[in-house]
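K.L.:
Pasting a structure here, questions to come.
Just so it is clear, none of the values below were taken in a lab; they were calculated from the coordinates. On a predicted model such as this, the values are computed, not experimentally measured, just so you know. All Cβ positions, even for glycine, are placed from backbone atoms using ideal geometry, and neighbour counts span all protein chains on display.
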Amino acid sequence: MTTDSLRSGPGANGRTSGDRARLPVREHLPACGPAAASGVPVLDVVVPVYNEEKDLRPCVLRLHDHLSRTFPYAFRITVADNASTDSTPAVAAALAAELRGVRYVRLEEKGRGRALRTVWSESDAPVLAYMDVDLSTDLNALLPLVAPLISGHSDLAIGSRLARSARVVRGSKREFISRAYNLILRSSLAAGFSDAQCGFKAVRSEVAERLLPMVEDSGWFFDTELLVLAERAGLRIHEVPVDWIDDPDSTVHIVRTATEDLKGVWRVGRALAVGALPLDRLARPFGDDPRDRALTGVERGLARQLVGFCVVGVLSTLFYLALYSLFRLGVGPQLANGGALLVSAVANTAANRRLTFGVRGRDGAVRHQAQGLVVFAIGLALTSGSLAALGAATGSPSHSTELAVLITANLAATVLRFLLLRAWVFPARACPEPEPEPEPDSDSDSEDVR
């Protein structure tokens, strides 16, 4: 089977690639239903291979046997051949003909990421997974890996060799490289997950549909980029401690892979720093719990926005006061106040845009800054007016008195600033309510029963 034969995947389950504002609410996948009756699997496990004529057959036989005995949902195993030059294609084709639920996809270019993107993009299964052909990870972790995705609890799931309860057998060299790489991710990209490169991952299909077009890498860095973008977008990543035994015959080129990974870290870090990625397309609506969806007249996200605004406000105020004190050494109080407010206002708008109101990407950034300057002008009028009133009342106030008055004026301006930012600069985008399910037709019901 080639990639051309998979083109019917997304159309089969009704998914489209339109510009929907948000991801749909996560739902618990039914154990049986129309999809199961039509032969569509719940889980599609991809095994990417390149010149694996020796390991491919025992791997697929073992995986197929495990899923047949233990997995309670319909499944599929997809062998994704990355332009192998040995007898791997013949072995894969034989397995697809021999075993029910096994298929073979041939790609004419190498790259694990390319293979996963191709098969995942065209799959009709609601849960997509992959594992390395060496089966270093104990298969008993497969059901715990995909269960949070099936239940609707999580968006992605990864196996972790670095979790406390994981049991790992591998050489000191690979152990050091793995831990050093994850330390780099934590320090440079603020990654919160523990193991980016374990070949044992899963993702819900609607998440993959939005996320895969944003992932540029087609090789080994594919995993890391996928996870970093998902985490930055606020998606839920579930980690499963695994039992893992290193494959001494692994063909991975460590130095070349590490070099490409570091290049990928730099590229992704730069894109995140300038806001070049539309991560807001990965946002999920509040209220995955059905009880929350029944609430009406309740503004969503207000508490989180208040916390974010307060944190940004405290930092901005400290920044503003430091700038004012610095500028005051060379100019008068009004000029110092205006300069400090202008610089801190630009930083405050940018921080609130990203951290408080969750707006990412460059779209509307200039307009938001312009509106933020209007809000700044209001704050300038309040604080400058307070300074003018203080000067008229006392003549020559002390520096500490000026600071006290400015803090009081800023508190008043802060309340107004939040209201303006929330209602005018970053208004909440309307999220359509889920449509009620149509009432079943009595005639069709009786016909189904028959």
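K.L.:
Please give the length that would be gained between Ile245 and Asp138 if that part of the chain were fully extended, namely 0.36 nm times their separation in residues minus their C-alpha to C-alpha distance (nm, one decimal). Present the calculation step by step, with values, prior to reporting the outcome.
P.N.:
Numbers: separation 107, 0.36 × 107 = 38.52 nm, distance 0.83 nm.
Additional length available on full extension: 37.7 nm.
K.L.:
Please find the FRET efficiency linking Ala258 to Val169, where r is the Cβ-Cβ separation and R0 is fixed at 22 Å, and quote it to the nearest 0.05.
P.N.:
Working: r = 22 Å, r/R0 = 0.98.
The computed FRET efficiency comes out at 0.55.
K.L.:
Is any residue of the stretch 320-339 close enough, with backbone N under 20 Å, to a label point placed 7 angstrom from the Cα of Leu416 along the Cα-Cβ axis, and if so, which?
P.N.:
Correct set: 320-321, 334-339.
K.L.:
When a/c reaches 1.5 or more, the comparison of a/b and b/c decides; with that in mind, is the stretch 49-185 rounded, prolate or oblate per its Cα gyration tensor? Numbers along the way, then the final one.
P.N.:
On the way: a/c = 1.60, a/b = 1.22, b/c = 1.31.
Note, shape of the stretch 49-185 comes out oblate.
K.L.:
For Arg362 and Leu342, what does the FRET efficiency come to when R0 = 22 Å and r is the distance between their Cβ atoms, rounded to the nearest 0.05?
P.N.:
For Arg362 and Leu342, the calculated efficiency is 0.50.
K.L.:
Give me the lysines in straight-line cross-link reach of Lys54: C-alpha distance below 30 Å, same-chain residues under 8 apart excluded.
P.N.:
Straight-distance partners of Lys54: Lys110, Lys173, Lys201.
K.L.:
What nm value, rounded to one decimal, do you get for the distance between Arg270 and Val374 when each label is placed 7 Å out toward the C-beta?
P.N.:
Result: 3.6 nm between the two label points.
K.L.:
Treating the beta-carbon of each Lys and Arg as +1 and of each Asp and Glu as -1, no other charges, what is the dipole magnitude of the stretch 39-95 about its Cα centre, to the nearest 20 debye?
P.N.:
Its charge dipole is roughly 240 debye.
K.L.:
Also, I was wondering about something else. Just to confirm a number: summing +1 for Lys and Arg and -1 for Asp and Glu over residues other than Ala97 whose beta-carbon lies under 13 angstrom from that of Ala97, what do you get?
P.N.:
+2
K.L.:
Continuing with this model, one more query. For Leu326 paired with Ser400, estimate the spin-label separation in nm (one decimal), with each label point 7 Å from Cα along the Cα-to-Cβ line.
P.N.:
Distance between label points: 2.5 nm.
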